[in-house]
Each structure stands twice: as structure tokens, then as C-alpha cells.
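See structure below.
The values are calculated or read from the model by the stated rules, or taken from the named source; none is laboratory data. Remember, predicted model here, so these are calculated numbers, not experimental data. All Cβ positions, even for glycine, are placed from backbone atoms using ideal geometry, and neighbour counts span all protein chains on display.
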Amino acid sequence: MDKLGNNKNYSNKTFKDIRHIDKNGNEYWSARELMKMLEYNKWENFEKVINKAKDSCKNSNISVVEHFPDTRKLSKRANNAEVLIKDYKLTRYACYLIAQNGDPRKEVIALAQTYFAIQTRKQEISEKEYSLLTEDEKRFYQRNLTRKGNYSLNQTAKRSGVKNFDKFHNSGYKGLYNGETADDIAKRKGLRYREDILDNMGSEELAANLFRITQTESKLKRDNISTEKDANTTHYNIGKNIRDVIAKNGGTMPEDLPTPKKSLKQLEKENNLVKKYIKE
């Protein structure tokens, strides 16, 4: 999902490739390197994006210093002289906020938003821990995140004027699933009446929906959406944008992903699988 194709110097690199690990084992990204990946040519322009991201961080009552620590790095000039230039050691969350505040016309910004949003969620357990989970354990973990995300999204949507929540959520599904509503998805999957579609998704499909949920909430807040019509349109557009990114990246459309043989409720009843990923 994080492959880049347009930047001449970084065409074969990914966001993961420019990740650094400090002596204490903490990961970080250099703002200077991220700037090139996100196709910004001038530091002063990119620093404006960083400052917007800092404001978003501050407005969420999260420590700016912790996620955007200042640093300096050596840079060679044309005459081979080395000078110290300003940089930041960005956390994964800082990168996510920068992507959120970047130029939406850039395709690479959408890719960055997708990568850092999903990876930031995975960081609630370590990346290594996540990679060691079985597919069903990943499903439980992602389902727990979508459950929390939907709760938070509903609160934000309510403040944005939403009253018909079925229509609101179907707007998002229609964008992501090429016009399908929740009922359409359930029928395609062969589910029983009122059986939860999210409980019958694989981890990849759940991750796409988690991204839809978190991005919609961010957009509603960022744009101060205040009417039900605009909220529904926003949800649809976010779903459609994610679908477009998947298509451009050569991924599998969500409706083409396989439906697991057993729902999460079935698995939970059978063996109480990964309880720690279901509820806190």
C-alpha cells in the first residue's frame, strides 16, 4: 500500500524503507526524507504542513514535543561544505497528521494517509506482535478497532447534524463498495437477517473499513460539517477515495475479498479466541 511511483529519487522506496530506529528502539521518520517522499520541493512549504499538523496535535490535547521533536542534520552544499539544517524526528502519529494536512491533490498524500492511518492503529500492539497473529486473531483485533471507531464516528456525526444513521453509514459503504449498501453486502456474503457484516470480514477488508471510519470522522471535524446532507456526502466521498487508492495501487476491491467461513461470533462461541483483542 505504501509503494511510490512518481518521485524520481524515491521511486523504489516505501514509507517503511525510510523509517529509522533510535538507540532505544523507538521508530521515527526524518521530516526531510518524508518531504521528498511526499513530493514537496521546498522546506518552507513542507514546514507549513508540519505546523498545521502540530496544531491538530495540540487541539487533540496530545503532546507536540513528544511527536514532533526538533533535531538538526548535516547537509552537503554544492561545494561539498556541510551545514546543519533543521529537521524533525517524527513519530508514526506525527506522520499521519502531516499526511492528513498535506496537499490532497497529490496521489502520494492519499497513499500516505492510508499507510499511516492503518499502521498507527496497528501500533496499539507492536507491529511485530500484529504480524505474529493468526488471520482470525487479526480479525478480532481489527474488529475491536472498528467497533471503537464507529462509536466515536457516531458521536461526531451526531454533532454534525446526522439523524438517520442508517443512511449515513450506507453512504460510506456505497462509496467504498461501488454502490452497495450494508444490506447488499450482507446478501452478497450470504448472511442471515441482521447478522453483522463486519463480523464476517477478513482482516484486510476490516482494515479498509477502519480507514473509512477514521478518515470520515477526521474530515467531519476538520471541515466543521454541520448538515446531515454534507455529512452523508463526506462519508460517501471518503469511501470512494479509499476505493480509488486501492484501485490505483493494484489492490483487491473490498467486495472481491473472500468472506471468512466463520463469523467472529461463531469463533468466539467455539473457543473464546483472543479474548484480549475483543474488549478492553
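Odds and ends about this structure:
- Any hit, the range 179-202, residues being hydroxyl-bearing (Ser, Thr, Tyr) and part of a helix (DSSP H, G or I): no
- Per-region count, the range 51-83, residues in a loop (DSSP other than H, G, I, E, B) and either over 29 Å from the mean Cα position of the chain (by Cα) or not hydrophobic (A, V, I, L, M, F, W, C) (or both): 9
- ARG212 being more than 22 Å from LYS262 (Cα to Cα), basic (Lys, Arg) and surrounded by 22 or more Cβ atoms within 10 Å (Cβ to Cβ): yes
- For the range 13-43, the candidate set comprises residues that are in a loop (DSSP other than H, G, I, E, B) and of a type in the set (S, T, N, Q); within that set, the residue that is surrounded by the fewest Cβ atoms within 10 Å (Cβ to Cβ) is ASN24.
- Residue within the range 246-258 that is in contact with a helix residue (DSSP H, G or I) (Cβ under 7 Å, 6 or more places away or on another chain), in contact (Cβ under 8 Å) with a residue 12 or more places away in the chain and either among the hydroxyl-bearing types (Ser, Thr, Tyr) or within 21 Å of PHE165 (Cα to Cα) (or both) present: no
- When LYS163, LYS86, LYS128 are checked against the criterion of being at pLDDT 90 or above and outside any loop (DSSP other than H, G, I, E, B), a single residue qualifies: LYS86.
- Given (1) touching a Ser or Thr at 6+ places or on another chain (Cβ under 9 Å); (2) assigned to a helix (DSSP H, G or I); (3) over 20 Å from ARG139 (Cα atoms); (4) at pLDDT 95 or above, number of the condition SER226 does not satisfy: (2)
- For the range 250-280, a residue qualifies if it is in a loop (DSSP other than H, G, I, E, B) and at pLDDT 80 or above, and the qualifying residues are GLY250, GLY251, THR252, MET253, LEU257, PRO258, THR259, PRO260, LYS261, LYS262, SER263.
- Test: residue in the range 97-117 that is modelled with pLDDT under 75 and touching a Phe, Trp or Tyr at 6+ places or on another chain (Cβ under 9 Å): yes
- Counted residues, the range 201-233 - those being within 15 Å of LYS174 (Cβ to Cβ) and touching a residue at least 60 places away in the same chain (Cβ under 8 Å): 6
- When the residues of the range 49-93 are filtered to those that are touching a residue at least 60 places away in the same chain (Cβ under 8 Å) and not hydroxyl-bearing (Ser, Thr, Tyr), the one that is surrounded by the most Cβ atoms within 10 Å (Cβ to Cβ) is LEU90.
- The range 43-74, subset over 16 Å from ASN101 (Cβ atoms) and among the basic types (Lys, Arg), residue modelled with the highest pLDDT: ARG72
- Taking first residues from the range 157-182 that are free of Cβ contacts under 8 Å to residues at least 40 places away in the same chain and of a type in the set (Phe, Trp, Tyr) and partners that are part of a helix (DSSP H, G or I) and buried (at least 21 other Cβ atoms within 10 Å of the Cβ), no Cβ contact under 6 Å between residues at least 6 apart in sequence or on separate chains turns up.
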